[in-house]
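Encoded as structure tokens, the structure appears first; notes follow it.
The values are calculated or read from the model by the stated rules, or taken from the named source; none is laboratory data. Everything numeric in this text was worked out from a predicted model, so none of it was measured. Positions of Cβ are generated from backbone atoms using ideal geometry, with glycine treated the same way; all protein chains shown enter the neighbour counts.
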Amino acid sequence: MKILVTGGAGYLGSILVPTLLSEGYKVVVIDNFLYNQTSLLEHCYNKNFTVIRGDVRNITLMKELIKKVDIIFPLACLTGAPLCSKNPIEARSVNLGSIKTLIKIRSKSQPIIFPTTNSGYGIGQKDIYCTEETPLKPISLYAKLKVEAEKILLENGNCITFRFATLFGISPRMRLDLLVNDFTYRAVRDKYLVLFQPHFKRNYLHVRDAAYVFVHALKNYNKMKNQVYNVGLSNANLSKLELCYEIKRKVPDFQFIISEVGEDIDKRNYIVSNAKIEATGFKPKYSLQEGIEELIKGYQIIKLTQFSNV
């Protein structure tokens, strides 16, 4: 099977691509290498790996690529609320426009497995878990575009969509602007953090588990297709304050204070049920604490100025 991964040199793609190659799949990546990342260099020896520097909005190029593959993973995206807020026109053309184009030019026999976000739940109800049936109330432009793209894909069929929790963990194309990654960096490097809206909750997932769920979907496609699945750690529906205490268990001299002034751009606040994906046999392998330990080691190597989407 030959798989097209758009945005395959990004934070998730840089873990997903070698995962697919290790499973014996042929992988074609298109990426514009926006951050000048070299995260896929080590795979260039692999005859099952093909890489194209290009833009997913180039219809002529995409038509040629799609003719040659069996299945499509559209990862190309301006990821996160701050980046989409900073570049709204580009965000709309990449995050939504390229998905509309993809649907028009793919064959109906070509499945799509699409990573979206559980941030579409917006602000949930206290102590009530968001399931795949919970009405979507996206707050940020990023979440709104992802929700719209998911809706269009499901309407057209032959797809699976994953509403991912907030990812964390080390990747060859690292991101330090994700909540666990950011907070752990500040604990290791700065030893302190000023916390806004400390009781806002969200769910978390290791980036390697996010990659592996694609493989799980490939192996179980017929029974999972045309469905949406929350994907996260069921024991990690944590507030920002609870996350800080989890990090402090590994970095004892980490100090944090709660500010009554100021707020985050991303105002989402909810807890999530992952029971549906777990019922298919998928269970995350990496805990939040294991991810924090991994990040602590990684931050002996990298610095904040090197890795961020904004």
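Highlighted here are the helices (runs of 4 or more DSSP H) found entirely within the stretch 185-299 that include at least 1 residues which are touching a helix residue (DSSP H, G or I) at 6+ places or on another chain (Cβ under 6 Å): 207-219, 221-224, 240-250, 288-298. Here is the figure for the stretch 29-63: residues that are crowded, with 19+ Cβ neighbours inside 10 Å, closer than 15 Å to ILE105 by Cβ and among the β-branched types (Val, Ile, Thr) total 2.
Listed here are the residues, each with its yes/no results for (1) at pLDDT 95 or above; (2) in contact with a Phe, Trp or Tyr (Cβ under 7 Å, 6 or more places away or on another chain).
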{"site": "ILE139", "(1), (2)": "no, no"}
{"site": "LYS146", "(1), (2)": "yes, no"}
{"site": "LEU153", "(1), (2)": "yes, yes"}
{"site": "ASN156", "(1), (2)": "yes, no"}
{"site": "CYS159", "(1), (2)": "yes, yes"}
{"site": "PHE162", "(1), (2)": "yes, yes"}
{"site": "THR166", "(1), (2)": "yes, yes"}
{"site": "ILE170", "(1), (2)": "yes, no"}
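Counting the residues of the stretch 119-171 that are in a helix (DSSP H, G or I) and either among the aromatic types (Phe, Trp, Tyr) or within 17 Å of ASN230 (Cβ to Cβ) (or both) gives 12. Against the numbered list (1) under 18 Å from TYR185 (Cα atoms); (2) at pLDDT below 95; (3) not aliphatic (A, V, I, L, M), GLU263 comes up short only at (1). Here ARG268 meets each of (1) exposed (fewer than 15 other Cβ atoms within 10 Å of the Cβ); (2) in contact with a Lys or Arg (Cβ under 8 Å, 6 or more places away or on another chain) with one exception, condition (1).
The rows are residues; the columns are (1) surrounded by 14 or more Cβ atoms within 10 Å (Cβ to Cβ); (2) of a type in the set (Ser, Thr, Tyr); (3) closer than 23 Å to ILE113 by Cβ; (4) over 18 Å from the mean Cα position of the chain (by Cα).
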position	(1), (2), (3), (4)
ALA211	yes, no, yes, no
PHE214	yes, no, yes, no
ILE257	no, no, no, yes
SER287	yes, yes, no, no
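Looking at (1) out of contact with any Phe, Trp or Tyr (no Cβ under 6 Å at 6 or more places or on another chain); (2) more than 23 Å from PRO138 (Cα to Cα); (3) modelled with pLDDT of 95 or more, which is the one condition that is false for LEU179? Unmet condition: (2). The combined condition, being without any contact (Cβ under 8 Å) to a residue 12 or more places away in the chain and either surrounded by fewer than 22 Cβ atoms within 10 Å (Cβ to Cβ) or in contact with a Lys or Arg (Cβ under 8 Å, 6 or more places away or on another chain) (or both), is fulfilled by ASN87. Filter the stretch 162-195 for residues that are among the basic types (Lys, Arg) and closer than 12 Å to LEU12 by Cβ and give the result. Once the filter is applied, which keeps residues that are among the basic types (Lys, Arg) and closer than 12 Å to LEU12 by Cβ, the stretch 162-195 yields ARG173, ARG175.
Restricting ASN32, ASN36 to residues that are farther than 20 Å from ALA211 by Cβ, of a type outside the set (A, V, I, L, M, F, W, C) and at pLDDT below 95 narrows the list to ASN36. When you check LYS26 against the structure, is it in contact (Cβ under 8 Å) with a residue 24 or more places away in the chain, surrounded by fewer than 16 Cβ atoms within 10 Å (Cβ to Cβ) and in contact with a Leu (Cβ under 9 Å, 6 or more places away or on another chain), yes or no? For LYS26, the condition - in contact (Cβ under 8 Å) with a residue 24 or more places away in the chain, surrounded by fewer than 16 Cβ atoms within 10 Å (Cβ to Cβ) and in contact with a Leu (Cβ under 9 Å, 6 or more places away or on another chain) - is not met.
Quick check, is SER39 among the small types (Gly, Ala, Ser), farther than 16 Å from CYS77 by Cα and touching a residue at least 60 places away in the same chain (Cβ under 8 Å)?
Yes: the conditions hold for SER39.
Among the conditions (1) under 28 Å from ARG249 (Cβ atoms); (2) crowded, with 20+ Cβ neighbours inside 10 Å, LEU179 misses just one, which is (2).
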